[in-house]
Amino acid sequence: MTPRPPADFYSPPAEAIEAERARDDHGHFNLIHNETALRADIYLAGTDEFQDWGLHSRVGKTVDGETVWFAPIEYVIVYKLRYYLMGGSDRHLRDVARMLEINDLTVDVETLEQWMKRFDLRAAWEKARSFDA
């Protein structure tokens, strides 16, 4: 895969990424493709059990002949629900609703239920499932 010139993407300043890296538990930032506005959520690996599970359960996909690693969809859903509870932004519910619309058959419901129970996310999950995207 040929790397794209940095001008094609928005990336936060190095100081902002470093500040996110230094957070105990919720470090994250976005990369945005300027032309299409497609956004990649970057979650920084931490030391708790959930983050450890997410890193070890990553999914490799081939893109332009290169393996690109992605977090499992259950991990992203749980993080989106946690961020919704922290900040109240419906954007996270919309993202989960859209993810389910596209990938509903690939979600491991048992794994998702385990993590939702651990983080008390049932109410947020129900809101996301009924969200009108």
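Per-structure values
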| item | result |
| --- | --- |
| Subset of the stretch 107-121 that is surrounded by 12 or more Cβ atoms within 10 Å (Cβ to Cβ) and of a type in the set (D, E, K, R) - its residue that is nearest to Phe50 (Cα to Cα) | Glu113 |
| Ser57 being among the polar types (S, T, N, Q), out of contact with any strand residue (DSSP E or B) (no Cβ under 9 Å at 6 or more places or on another chain) and farther than 23 Å from Leu105 by Cβ | no |
| Any hit, the stretch 36-44, residues being loosely packed, with under 13 Cβ neighbours inside 10 Å, in the same structural domain as Ile17 (by TED's automatic domain parsing), under 28 Å from Arg21 (Cβ atoms) and small (Gly, Ala, Ser) | yes |
| Selection count where residues are touching a Ser or Thr at 6+ places or on another chain (Cβ under 6 Å) and part of a helix (DSSP H, G or I), scope the stretch 64-82 | 1 |
| Within the stretch 8-63, strands (runs of 3 or more DSSP E) holding 1 or more residues that are among the polar types (S, T, N, Q) and touching a residue at least 12 places away in the same chain (Cβ under 8 Å) | 28-33 |
| Hits in the stretch 83-133 (condition: part of a helix (DSSP H, G or I) and among the aromatic types (Phe, Trp, Tyr)) | Tyr83, Tyr84, Trp115, Phe119, Trp125 |
| Residue within the stretch 5-21 that is farther than 25 Å from Ala124 by Cβ and in contact with a helix residue (DSSP H, G or I) (Cβ under 9 Å, 6 or more places away or on another chain) present | yes |
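The values are calculated or read from the model by the stated rules, or taken from the named source; none is laboratory data. Because the structure is predicted, anything quoted here is derived from the model rather than measured. Counting neighbours? That spans all protein chains shown, and the Cβs are built from the backbone with ideal geometry, glycine included.
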